[in-house]
Amino acid sequence: MTKLLVRVVLPLLAGGALLTGCTTTQGGTASPAQSPAASESKAPESSSSGGGGTQSITDPCSLLEMNDLTSYGQFDPPENGKIGSARSCSYQKQIASASDKSMLIGANVRDDASIDQVRDTGRGVVDKDINGRKAKESPDGAAPGCTLALAVGDSSRVDVEVTAVASSDEACQIAEAVAKAAVEPRLPKA
């Protein structure tokens, strides 16, 4: 019986002593250790690319407001929507008389498309500089319109689009003026 008691009790006492030695408590909140890669900071992007990306743009209508367009006429309130994967904000010009020109002006936020991915719609793609920011202009070859893409980081962009005007040349002039005065100054900087 003594041998049985020694075999059962001794291991229990030894295990209890080990557990007691390992159970110190410390106040505070546990947090995972950071790996060296997680604590290193990323190199800042160059100012020519224009910032770290479009993710901080939560509302495309924050880039283009109705009062930015007053020199082109009266516009209906903005419409938020989606064009493919782009988040968009567009303004339709109000037509007061038969002599008024139609016009649609919009800003499209493309989180996963760079300016190098601007499509040629028939009249080529031209490199531009808008307030020191890299841009590409694509006049529409089929219908009067123009896309002016502004770089926001290396892999995202904001397109200023103008359609439903007399010519693609006019659309590109308006897109560039709106981009310089309203949209580009509101984009994230490097």
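The values are calculated or read from the model by the stated rules, or taken from the named source; none is laboratory data. Because the structure is predicted, anything quoted here is derived from the model rather than measured. We place every Cβ from the backbone using ideal geometry, glycine too, and count neighbours over all the protein chains shown. For the accessible areas, the whole protein counts, side chains as well, though only heavy atoms, and no ligand, DNA or RNA atoms are used. Shrake-Rupley method; radii C 1.70, N 1.55, O 1.52, S 1.80 Å.
For the structure I just gave you, tell me whether Asp68 is more than 15 Å from the chain's Cα centre (by Cα), surrounded by 14 or more Cβ atoms within 10 Å (Cβ to Cβ), among the acidic types (Asp, Glu) and modelled with pLDDT of 50 or more. Before the answer, list the steps.
Values: more than 15 Å from the chain's Cα centre (by Cα): yes; surrounded by 14 or more Cβ atoms within 10 Å (Cβ to Cβ): yes; among the acidic types (Asp, Glu): yes; modelled with pLDDT of 50 or more: yes.
Yes: the conditions hold for Asp68.
Only one of (1) under 12 Å from the mean Cα position of the chain (by Cα); (2) crowded, with 20+ Cβ neighbours inside 10 Å; (3) in contact (Cβ under 8 Å) with a residue 40 or more places away in the chain; (4) under 25 Å from Asp169 (Cα atoms) is not met by Thr54, so which one is it? Evaluating Thr54 over (1) under 12 Å from the mean Cα position of the chain (by Cα); (2) crowded, with 20+ Cβ neighbours inside 10 Å; (3) in contact (Cβ under 8 Å) with a residue 40 or more places away in the chain; (4) under 25 Å from Asp169 (Cα atoms) leaves (4) as the failure.
Within region 71-91, being open to solvent by less than 70 Å² (accessible area, probe 1.4 Å) and either in contact (Cβ under 8 Å) with a residue 60 or more places away in the chain or not in a loop (DSSP other than H, G, I, E, B) (or both) holds for Tyr72, Phe75, Gly81, Ala86, Arg87, Ser88, Cys89, Ser90, Tyr91. Scanning region 142-160 for residues that are out of contact with any helix residue (DSSP H, G or I) (no Cβ under 7 Å at 6 or more places or on another chain) and closer than 13 Å to Met103 by Cα turns up just one, Ala143. Restricting region 113-167 to residues that are surrounded by 22 or more Cβ atoms within 10 Å (Cβ to Cβ) and among the hydroxyl-bearing types (Ser, Thr, Tyr), the residue that is nearest to the chain's Cα centre (by Cα) is Ser156. The residues of region 142-164 that are within 20 Å of Ile83 (Cα to Cα) and not in a strand (DSSP E or B), listed by number, are Ala142, Ala143, Pro144, Val152, Ser155, Ser156, Ala164. Keeping to region 107-128, report how many residues are more than 17 Å from Asp169 (Cα to Cα) and in a strand (DSSP E or B). Looking only at that region, the number is 4.
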